Amino acid sequence: MKFTVWIWVHWQVISLILCCIVPILFLLVVGFCLRFNPIYLLSIIIPITIIISLWPVGQLDLSTWLLPYTGMLSLTSLLLIWDALEQYRQCYRWQLLTKIEQCLIYNSSIVLGLSVYPTTLGLFNIELYSLGFTGVILPSILGIVAGIAWIYHAKAIAYLLLAVLWAWLLNLGESQNLWDYVLDPWLFLYSIMRYLSTYNL
Amino acid sequence: MSNHLNKTSRLEHLSFTLALALGLIGAWWRTLTIPSPMFDSSEYQINIPSVNMVPTPNPSPVFIRELLPKNAITPTVHSPTLVRLPNGNVLAAWFGGSREGAKDVAIYASERNSNGWSSMKVLANRKTVEQALQRPIRKLGNPVLTIDKASRVWLFFVVVSLGGWSTSAVAYQISKDNGQHFSLPRLLVTSPVLNISTLVRARPLNYQDGSIAVPMYHELLGKFGLNVRIASGGRILSIAHIGNLRTAIQPTIVAINSQQAIALLRRTGIAPPQVLWSRTNDGGQSWSLPQASNLSNPDSSCAAIRRFGGGILLAYNPTKQGRNILSLARFDHKQRWQHLHDLERGQDQDEFSYPFLISGPAYDYTMVYTWKRRRIAYIHFNEAWLQTLP
């Protein structure tokens, strides 16, 4: 496994732990924690999550052991996970994505997922996933969308797409396909569930 | 202060534009430097072998059949493959263990030289693959050997991390010393859905630019063949569906010329049990809808190769049910498949299956197949022997 992939895999597990588990713990002990400077709290929590991600499971560690279930999360998912850390946002007032940007990402994920996944499962004779290996079509579309996002001050999306393009070019992830840096099945499923719950469908 | 902000903004704007432009130029450059896929002449003019050997036709009929070495730790063996090495030896590989899909299954290999078969050695096992790929591996299977234009031996095989065969991925190793030592396994990401449900079985073909066409197939929900073009460095260049029948797997591809090829596929699931075939006219980038041939096949893997002097030679199970007969057929100039000869004919419960066929420099053919799931059988014959068949 390449070093960049190893970092990616562990980073996604750390992010998931921080996103899903730590906030619950945070809420449970919030009264206690408020007495402390949040930076002290984070200085404890982050090393713990790193240790958990590296916890040995057989000849692997937890992050790599989970890989068949999580897959390699896309950069988009990683951005959304970090944006979802509401509790830390209260501490540091950071905001990676505006509500409009979030909405754009989730809706785009549904459209892209509905376009790509059925073709890879053989529902059609075309294979849109193959466009992500080589060819100018997909990178060009990505570049145009990044340019439009930049012009309309959706900087997070613009930087995300720029990072996707360069991560793919430098082959930083496990996949050699551009789609896998933009989209993953968990993001697609979450986007659908979010859409359905938003509109009470 | 305002000037400073404007300056920062301009710098950010310039940096973003520059990074995006460079990225797009990089993406375009990556694409423009890839030649269009054209099958190597050694694939369709098979008297020009891909390895440097002078073709010398043997006028005397030759037919040799033998069983590969047996080992007590692999009571079950299946899915053999082989490759002719530049030194003239043949390297065969297969998977074996206590039973198919068991945790002790490993990929084994044996080399045949003038003295016979070497003792078998392990090319990959579950533990070493798990360590190299850094993910849980439940089982291994379907090894496929091939040799590229740089005389490097590639070993592709199927790995399963969760579920069954239909949730597999494909890994590969490369040897630069005629299969004596292989690199650590690397994973091919061929599917966006957790990289599951891609398998490999049949012989890959070389393209003129050094890339290889690896026939693969997908089994989850839809079942269909894939032609995966892989650059010499291991980068996937394209994936094309071989038709969209959704019931056709395990394609074996035969090049007709630099652009045209025929894929023969195993029909799975619904009847009628026949060998299917599909055609490409653009080097494997697009394929016709698979059609049924006039050959019976009981949902079993087949192997095909370009025949000396034209036509195609096919090894397959010619039954409607069961794999107890293994035969040869030819695709003649009348565009019809014609049964040639039964290589094996056993009891109903016997199995002679999963043939893997290659050609040699002396107008000869070499084949390995599963023999009753207990042994791997090896057959060597030549064109002169085929000419003697009625």
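How do A:HIS10, A:HIS153 rank when sorted from fewest to most other Cβ atoms within 10 Å of their own Cβ? If you can, show how the numbers build up before the last one.
Numbers: A:HIS10 18, A:HIS153 11.
With the sparsest Cβ surroundings first, the list reads A:HIS153, A:HIS10.
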Chain B: most fluctuating residue of B:SER300, B:SER191, B:SER327 per GNM, C-alpha cutoff 10 Å: B:SER191
From phi via Karplus (6.51, -1.76, 1.60), per-residue ³J(HN,Hα) for segment A:175-183 in Hz, x at Gly/Pro: 7, 9, 10, 4, 4, 5, 8, 9, 9
For chain B, built as a Gaussian network whose Cα springs stay under 10 Å, the top-fluctuating residue of B:LEU343, B:LEU18, B:LEU162: B:LEU18
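List the pairs from B:LYS127/B:LYS223; B:LYS70/B:LYS176; B:LYS70/B:LYS149; A:LYS2/B:LYS127 whose alpha-carbon separation is above 21 Å, in the order I gave them. Mind dumping the intermediate values first?
Numbers: B:LYS127/B:LYS223 29 Å; B:LYS70/B:LYS176 27 Å; B:LYS70/B:LYS149 33 Å; A:LYS2/B:LYS127 18 Å.
Going by Cα-Cα distance, B:LYS127/B:LYS223; B:LYS70/B:LYS176; B:LYS70/B:LYS149 fall outside the 21 Å limit.
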Point-to-point label distance, B:ARG336-B:GLN387, nm (Cα→Cβ direction, 7 Å offset): 2.4 nm
Dipole moment magnitude, nearest 20 debye, chain B about Cα centre, only Lys, Arg, Asp, Glu C-beta charged: 660 debye
Rounded to the nearest 20 debye, dipole of segment A:97-201 from Cβ charges on Lys, Arg, Asp, Glu: 320 debye
Dipole-positive endmost among B:GLY311, B:PRO75, A:THR119 within the protein assembly as shown (Cβ charges, Cα centre): B:PRO75
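Tell me the mean residue ellipticity at 222 nm calculated for chain B from its helices only (DSSP H runs of n ≥ 4, each -39500 (n - 2.57), averaged over every residue, nearest 500).
On the way: 4 runs with 49 residues, N = 390.
Dividing the helical sum by the residues of chain B leaves -4000 deg cm²/dmol.
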Farthest positive-ward along the protein assembly as shown dipole, Cα basis, beta-carbon charges - from B:THR33, A:TYR195, B:GLY346: B:GLY346
Cα-based reach from A:LYS99 at 16 Å (exclusive), listing lysines while leaving out same-chain residues under 8 positions away: A:LYS155
Kirkwood Rh and Cα Rg combined as Rg/Rh, segment A:123-180: 1.03
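If the viscosity is 0.692 mPa s and the temperature 37 °C, what translational diffusion coefficient in µm²/s does Stokes-Einstein give for segment A:97-201 when Rh comes from Kirkwood over Cα pairs? Walk me through the numbers on the way to the answer.
On the way: Rh = 14.6 Å.
Estimated diffusion coefficient is 225 µm²/s.
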Spatially proximal aspartates and glutamates relative to B:LYS103 (Cα-Cα < 18 Å; intrachain offsets below 8 disregarded): B:GLU130
Spatial separation of Cα centroids for segment B:331-368 and segment B:199-223, in angstrom: 21 Å
DSSP bridge pairs, segment B:198-254: antiparallel proportion in percent, nearest 5: 95 percent
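Which net charge results when you count Lys and Arg as +1 and Asp and Glu as -1 among the other residues whose beta-carbon is under 14 Å from that of A:LEU67? Walk me through the intermediate numbers first.
Values: positive: A:LYS2, B:ARG135, B:ARG138; negative: A:ASP61, A:GLU174, A:ASP180, A:ASP184, B:GLU130.
After counting each charged neighbour, the total is -2.
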For segment B:181-195, Karplus couplings with θ = phi - 60° (6.51, -1.76, 1.60), whole Hz, Gly/Pro x: 9, 10, 5, 5, x, 10, 9, 9, 9, 10, 9, x, 9, 6, 6
About the Cα centre, charge dipole magnitude for the protein assembly as shown (Lys/Arg +1, Asp/Glu -1 at Cβ), debye: 400 debye
Percent breakdown of C-alpha pair distances by 10 Å bin, ordered from the shortest bin, for the protein assembly as shown: 3, 16, 25, 23, 15, 10, 5, 2, 0, 0
Relative contact order for chain B, counting Cα pairs under 8 Å that sit 6 or more residues apart, in percent: 16 percent
Calculated from backbone phi, Karplus (6.51, -1.76, 1.60) coupling profile of segment A:47-62 in Hz, x at Gly/Pro: x, 5, 5, 5, 5, 4, 5, 9, 4, x, 10, x, 8, 10, 10, 4
20 Å-binned pair-distance histogram of chain B (Cα, whole percent): 28, 57, 11, 4, 1
Ascending count of other beta-carbon atoms within 10 Å, so fewest first, for B:LYS139, B:LYS176, A:LYS99: A:LYS99, B:LYS176, B:LYS139
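Evaluate E = 1/(1 + (r/R0)^6) for B:TRP28 and A:SER43, where r is the Cβ-Cβ distance and R0 equals 35 Å; express this FRET efficiency to the nearest 0.05. Write out the running numbers ahead of the final one.
Details: r = 45 Å, r/R0 = 1.29.
It comes to 0.20.
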Reciprocal of mean inverse Cα separation for segment A:54-158 (Kirkwood radius, Å): 16.7 Å
Cα centroid separation - segment A:154-201 against segment A:95-134, whole Å: 8 Å
Two-site label geometry, A:TYR195 and A:ILE144: point separation in nm, points 7 Å out along Cα→Cβ: 2.1 nm
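Using r as the Cβ-Cβ distance of B:SER183 and A:ILE151, and R0 as 51 Å, what FRET efficiency do you calculate, to the nearest 0.05? Numbers along the way, then the final one.
Values: r = 46 Å, r/R0 = 0.91.
Approximately 0.65, to the nearest 0.05.
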Partners for B:LYS121 among aspartates and glutamates (Cα-Cα distance below 16 Å; same-chain residues under 8 apart left out): B:ASP104, B:GLU111, B:ASP177
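Net charge within 10 Å of B:ILE379 by Cβ-Cβ distance, Lys/Arg positive one each and Asp/Glu negative one each, not counting B:ILE379 itself?
Numbers: positive: B:ARG65; negative: B:GLU66, B:GLU344.
Local net charge: -1.
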Residue among B:SER211, B:SER301, B:SER232 with the largest mean-square fluctuation in a Gaussian network model of chain B, springs linking Cα atoms under 10 Å: B:SER232
log10 of Debye I(q)/I(0), alpha-carbon scatterers only, for segment B:257-343 at 0.11, 0.21 Å⁻¹: -0.29, -1.01
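Throughout, read-outs are computed from the coordinates displayed, never taken from laboratory work. As the structure is a computational prediction, the values presented were derived from the model and not from experiment. Please note: Cβ atoms are built from the backbone with ideal geometry, for glycine as well, and neighbour counts cover all protein chains shown.
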